[in-house]
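First up is the structure itself, then whatever we jot down about it.
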Amino acid sequence: MRPHDIVILLKIAAKGKSAWMMKDLSNELSISPGEVSESIKRSVMAGLLHNSEK
């Protein structure tokens, strides 16, 4: 895990039940789409996020 993984997870949590897209997270957090994608993969592997949570 990397420090910005926590920021991305917090942003997802702040959205609550609202749908989110990786490109929106990228724009809102000023993080590249590729880094958001890799962060989400790491979070899924760590068991902090499920594939079906979109």
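Looking at segment 37-54, is at least one residue in a helix (DSSP H, G or I), surrounded by 13 or more Cβ atoms within 10 Å (Cβ to Cβ), in contact with a Ser or Thr (Cβ under 6 Å, 6 or more places away or on another chain) and not hydroxyl-bearing (Ser, Thr, Tyr)?
There is no residue in segment 37-54 that is in a helix (DSSP H, G or I), surrounded by 13 or more Cβ atoms within 10 Å (Cβ to Cβ), in contact with a Ser or Thr (Cβ under 6 Å, 6 or more places away or on another chain) and not hydroxyl-bearing (Ser, Thr, Tyr).
Spot the failing condition for ASN27; the list is (1) closer than 18 Å to MET1 by Cα; (2) modelled with pLDDT of 95 or more, and only one is missed.
(1)
Considering only segment 18-34, state which residues are loosely packed, with under 13 Cβ neighbours inside 10 Å, part of a helix (DSSP H, G or I) and of a type in the set (S, T, N, Q).
The answer is ASN27, and nothing else.
Looking at segment 23-42, is at least one residue among the hydroxyl-bearing types (Ser, Thr, Tyr) and touching a residue at least 12 places away in the same chain (Cβ under 8 Å)?
There is at least one residue in segment 23-42 that is among the hydroxyl-bearing types (Ser, Thr, Tyr) and touching a residue at least 12 places away in the same chain (Cβ under 8 Å).
The values are calculated or read from the model by the stated rules, or taken from the named source; none is laboratory data. What you see is a predicted model, and the numbers here were worked out from it, not measured in a lab. Glycine gets a Cβ as well: all are built from the backbone with ideal geometry, and neighbour counts include every protein chain shown.
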